């Protein structure tokens, strides 16, 4: 995997994760990063952390999707630019949700990882500009009751 195509960064922040008996609600927020311009108000609290993460100044929500995900079942979330994020909630252990995440660009894997997301956490993927010239993105994965 080329570092120019994808850089995966996991950052735990206080945001909110809890498991429900039938699974959990997963929220995927895709954020476009640009050098100049306005940032969406809903990202104001995260803006300093996002700036340190990717070095850009402005952040705009491109897509937000929230859905109930069953344990041990793959869910596919469409990401702008022809990418797809596959999420599989594996289970809950020690106040953390175990998940498998695969980010694909068309059919080419950019990220394929298993992780445990602490209670009240979020996982951030910074996806760099690709060969088609698509804007850099941040993909925010949250899970909550």
**Request:** Could I have the simple spin-label model distance between residue 98 and residue 47, label points 7 Å from Cα toward Cβ, reported in nm to one decimal?
**Result:** 4.0 nm
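I'd like the FRET efficiency for residue 36 and residue 113, computed as 1/(1 + (r/R0)^6) with the beta carbon distance as r and R0 of 30 Å, rounded to 0.05. Can you show the working numbers first?
Working: r = 32 Å, r/R0 = 1.08.
After rounding, the FRET efficiency stands at 0.40.
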**Sorted by Cβ neighbour density within 10 Å, fewest at the top, the residues 113, 73, 29** = 73, 113, 29
**Asked** Listing 65, 144, 94 from the residue with the fewest other Cβ atoms within 10 Å to the one with the most, what is the order?
**Response** 94, 65, 144
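Read the figures in this text as sums done on the coordinates, not as results from a lab. For clarity, every value in this text was computed on a predicted model and none was experimentally measured. Neighbour counts are summed over all protein chains in view; Cβ atoms, including those assigned to glycine, are modelled from backbone coordinates with ideal geometry.
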